[in-house]
Amino acid sequence: MIEVALTQRLGAFALDVGFTAGAGITALFGPSGAGKSATIAAIAGLSRPARGRIAIDGTALLDTEKRVFVPKHRRRIGLVFQDSHLFPHLSVRHNLLFGRWFSPRDARGIALAPVIAALGIGHLLGRRPATLSGGERQRVAIGRALLSSPRLLLLDEPLAALDRERRLEILPLIERVRDEFGVPMIYVSHAMEEVARLAADVAMIENGRIVGQGTPSAVFGPQAASVGEDRFASASVLNATVAGEDDAYGLTELRHPAGRIWLAERGGAPGRAVRVVVHATDVTLALARPQQMSVRTALSGTIAAITAGGGPLASIAIALDGGDRLAALATRKAVAELGLKTGDAVFALIKTVALDERMIG
């Protein structure tokens, strides 16, 4: 268990955060400038907060009341940044082995060979960082951090500098590291799709404060679908399981209590739990189950709330059958003409092509 509670002033910016993180991946999510990297720096020992406590499994790394401050090189925390920060004069192998220098011999529980295999970097060992792609450099950076046998791994927007194809390469590797090595991680990001795919828990930070913590489906959703904010940023996370494949059409069927969700791919073991990110702008509402339409996904639910400002749009929170909540955006004119109101039974229609199956994993 990782405990974080700290207060720090950085110029005009005030950081005052508190959250906990357990096994697996906890995401620290928020917009640029919210205080994510400052929080990571404090956990890593790169900065010294004025007040607070940081502990791993009950052992304090920082406790200002007891005047405890463990220096960064003794915290056994692995760090991966946007920029891989590899040593340009060292080969990949020697960059990897550098991480071992920071762990006591009796604590070196992670060996070189499994890390190389998990990250798929065996063919890179003799090369220098300048000859690697951005995705390859990040693989090596993750490996170096792992080989320090850390008690905690901090990943500060590790995919932000990569293009989409490279991100799609690295995401399953992070999942593999999570599952095979059992090191708890705090993953910093402002990309909802990454967080929904990787994290078991999310701490949402805004303006230097934690404003919510819970599962991705609890933290993201209708409460974020404000009509006064960027409508294209509003999204929800639904929990589903793989039901099977439609081989004839290359589709995967997901089972959700509110209905079937279809993905434009084949794959996934039946029964496997997955999370699906649905953008509020991709949801269409119907008062009756649709017929003779190209839309394949129709989820049943009840309107929980309708919020309309002075502009043309309204935000609609839908309580789906089974417990998930879904955000939808519509024009105020559509809401008025359909006579939509709280408590109405509706169907949420989602086009298969609007769901990015590559980010589901």
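The values are calculated or read from the model by the stated rules, or taken from the named source; none is laboratory data. Predicted model only: the values in this text are computed from it and were never measured. Please note: Cβ atoms are built from the backbone with ideal geometry, for glycine as well, and neighbour counts cover all protein chains shown. When the accessible area is computed, the model is the full protein with side chains, heavy atoms only, and any ligands, DNA or RNA have been set aside. Shrake-Rupley method; radii C 1.70, N 1.55, O 1.52, S 1.80 Å.
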Under the 7 Å Cα-to-Cβ spin-label approximation, TYR249 and ALA50 lie apart by a distance in nanometres of 6.1 nm
HN-Hα couplings for region 241-256 via Karplus (6.51, -1.76, 1.60; θ = phi - 60°), in whole Hz with x for Gly/Pro, come out as 10, 6, 9, x, 10, 10, 4, 5, 10, x, 10, 10, 9, 9, 9, 9
For 327-336, 233-242, 159-168, ranked highest to lowest by mean beta-carbon neighbours within 10 Å, the order is 233-242, 327-336, 159-168
proj_area_mean for region 124-278 (convex hull on C-alpha atoms), units nm², value 12.3 nm²
Among region 19-54, those whose backbone N falls under 12 Å of a label point 7 Å along Cα→Cβ from ALA233 are 30-34
Any residue on another chain or 5+ positions along whose placed amide H is under 5 Å from the amide H of VAL274 is listed here as ALA240, THR241, VAL242
The correct ranking of MET204, MET1 by accessible area at 1.4 Å, largest first, is MET1, MET204
Of every hundred units of 1.4 Å-probe accessible area on the chain, the number belonging to carbon and sulfur atoms, as a percent, is 51 percent
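If we sort 188-197, 286-295 on the protection proxy, mean other Cβ atoms within 10 Å, highest first, what's the order?
Highest-to-lowest ranking by the protection proxy: 188-197, 286-295.
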Regression test value, accessible area per residue of region 11-168, probe 1.4 Å, units Å², expected 46 Å²
Region 284-311 scanned against label point 7 Å out from THR331 along Cα→C-beta; backbone N under 17 Å for 284-286, 308-311
Averaged per residue, the 1.4 Å probe accessible area of region 210-302, protein heavy atoms only, in Å², is roughly 50 Å²
